[in-house]
1. Look at region 324-381 and say how many of its residues are modelled with pLDDT of 90 or more, assigned to a strand (DSSP E or B) and under 21 Å from the mean Cα position of the chain (by Cα).
2. Out of all the residues in region 203-237, which are basic (Lys, Arg) and away from ligand 1 (no atom under 12 Å from the Cβ)?
3. From the list THR137, THR119, which residue is within 19 Å of ASN230 (Cα to Cα), in contact with a strand residue (DSSP E or B) (Cβ under 8 Å, 6 or more places away or on another chain) and within 16 Å of ligand 2 (Cβ to nearest atom)?
4. Can you tell me which residue within region 264-284, out of those that are within 16 Å of ligand 1 (Cβ to nearest atom) and open to solvent by 10 Å² or more (accessible area, probe 1.4 Å), is farthest from GLY146 (Cα to Cα)?
5. Report every pair of residues separated by at least 6 positions or lying on different chains whose Cβ atoms are under 8 Å apart, first residue within region 400-417 and touching a residue at least 12 places away in the same chain (Cβ under 8 Å), second surrounded by 18 or more Cβ atoms within 10 Å (Cβ to Cβ) and small (Gly, Ala, Ser).
6. Among the residues of region 136-158, is any open to solvent by 50 Å² or more (accessible area, probe 1.4 Å), of a type in the set (Lys, Arg) and touching a residue at least 40 places away in the same chain (Cβ under 8 Å)?
7. So, in region 68-95, of the ones that are out of contact with any Gly (no Cβ under 7 Å at 6 or more places or on another chain), within 14 Å of ligand 1 (Cβ to nearest atom) and of a type in the set (Ser, Thr, Tyr), which residue ends up least open to solvent (accessible area, probe 1.4 Å)?
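The values are calculated or read from the model by the stated rules, or taken from the named source; none is laboratory data. Every value quoted in this text rests on a predicted model; they were computed, and no experiment measured them. Reconstructed Cβ throughout: ideal geometry from the backbone, glycine too, with neighbour counts over all protein chains shown. We work out accessible area using only protein heavy atoms, side chains counted, and drop any ligands, DNA or RNA first. Shrake-Rupley method; radii C 1.70, N 1.55, O 1.52, S 1.80 Å.
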Amino acid sequence: MYWDPEVETLTPEKLRDLQLQRLQATVARASQSPFYRERLREAGLQPQDIRSLEDVRRLPYTTKDDLRARGPDFLTVPTERLVRLHASSGTTGQATVIYYTRADIEAWAELVARSMYMTGVRPGDVFQNMMGYGLFTGGLGFHYGGERLGCLTIPAGAGNSRRQVQLMQQFRTTVLHIIPSYALYLLNVFAEMGVDPRDLPLRIAFIGAEPHTEDMRRRIEAAYGLKAYNSYGLSEMNGPGVAFECPEQNGMHVWEDAFLLEVVDPNTLEPLPPGVVGELVFTNLTREGMPLIRYRTRDLASYEDTPCPCGRAMRRISRIQGRTDDMIIIKGVNIFPMQIEKVLMALPEVHTNYLVELSRRDYNDIMTVKVEVKESFFKEDLKYLTGLKKRLTEALKSELLVTPVVELVEPNTLPVSEGKALRIVDRRQET
Ligand code: ADP
Ligand code: ZN
């Protein structure tokens, strides 16, 4: 049941000891990069000043802007030792570039294999990897993990929907890696082709790369007839395989032997107790080529340190609630796209997609929520649809405290992405 029993069953105390040892080694290594040499000097710190895990708080933070501005200055090895680079998807601006040594690629593949194994994937499984191959880490990261575990790995890549279904049929795919919004969209293609995914031998899916709600997961599980596990990672910390759900499906275990986790208030940067949502901050504990210290992810979640029935001491983080830079402020109220998704995906009438548009009229912010409605409901009479629209508006208002304009649209008419879904279009600057 464990891929790496020695590490996965460490007691909390032993895990902390290992983390401290690795943190000390990481700081010593990082201090050889031009960026951290400078930062540590400014902070008046030497690697030997790190004597306990709490001492991590004396170290400076690293931000996405630091990586953008100083990329190669983070390297601790000569370029001849680098074997690959990846870049973030650039969801929130210019992409950041991460370099890997051979040992980094191998350590990463191990973590992904460990994550997959935890959910029950075994050699002999047929693994269809439906993530973009290329600079994005989701494709190659899982590809190497699947091979390392011993799966027959299909490098399907993103998009090409009909072909995806054909591959599943032809090779009897049992395990998928797929972006959750695309998984819902793909159901339309299954329907068009007259194939019911529940008739295929699919049993496990990894869904990640973008925020999604519990209802979204349950919808995917029901429609495909499989178990869907939340998978979290970011290119700055390798890529996928940073935190992953175990069979309990109750929070994602952070692989704390490889990443030191902190959850801080994004404004005051003070550490937060379990259960309180804040920004995730990670320090690499095993990265060779480009170790990052206290990287501010901008991802919002809380952590739990209660024991998990699966026996792993690694702490669990909640579902990602959003990114600090996803937050929209409308009429002075803070809103995250996931709040909207939570309301919509709980309603059986709602089809697979939605889009939020922000505009401005006479100095007033207007939030329009376009919602696809399932065919069977869309065919109902006007009175029914007016009632549905009203119910949706009320439900959104009570969650968001702002009254949106709800527009019901026909199924499969809103734009879909092969990669991360675009949920918000802000046109407020255009008017
Ligand atoms: P970008 O920040 O440009 O999207 P990446 O391709 O490295 O760069 O994607 C990492 C980001 O994707 C994370 O920081 C997080 O915001 C999001 N993400 C990844 N996995 C999940 C997940 N399981 N749930 C929610 N968000 C996720
Ligand atoms: Zn567990």
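1. Within region 324-381, residues that are modelled with pLDDT of 90 or more, assigned to a strand (DSSP E or B) and under 21 Å from the mean Cα position of the chain (by Cα) number 6.
2. Keep residues of region 203-237 that are basic (Lys, Arg), which gives 203, 217-219, 227.
Scanning region 203-237 gives ARG203, ARG218, ARG219, LYS227.
3. Going through THR137, THR119 in turn, just one is within 19 Å of ASN230 (Cα to Cα), in contact with a strand residue (DSSP E or B) (Cβ under 8 Å, 6 or more places away or on another chain) and within 16 Å of ligand 2 (Cβ to nearest atom): THR119.
4. Filtering region 264-284 down to residues within 16 Å of ligand 1 (Cβ to nearest atom) leaves 264, 266, 277-284.
Now narrow it down to the ones that are open to solvent by 10 Å² or more (accessible area, probe 1.4 Å): 266, 277.
Working: PRO266: 35, VAL277: 32 Å.
Only one residue fits best here, namely PRO266.
5. Listed pairs, sorted by first residue: VAL416/SER181; SER417/SER181.
6. no
7. SER88
Yes/no matrix, rows are residues, columns are (1) of a type in the set (A, V, I, L, M, F, W, C); (2) under 30 Å from ARG312 (Cα atoms); (3) in the same structural domain as ASN267 (by TED's automatic domain parsing):
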residue	(1), (2), (3)
SER31	no, no, yes
TYR36	no, no, yes
ALA43	yes, no, yes
ILE50	yes, yes, yes
ASP65	no, no, yes
ARG68	no, no, yes
LEU75	yes, no, yes
GLY90	no, no, yes
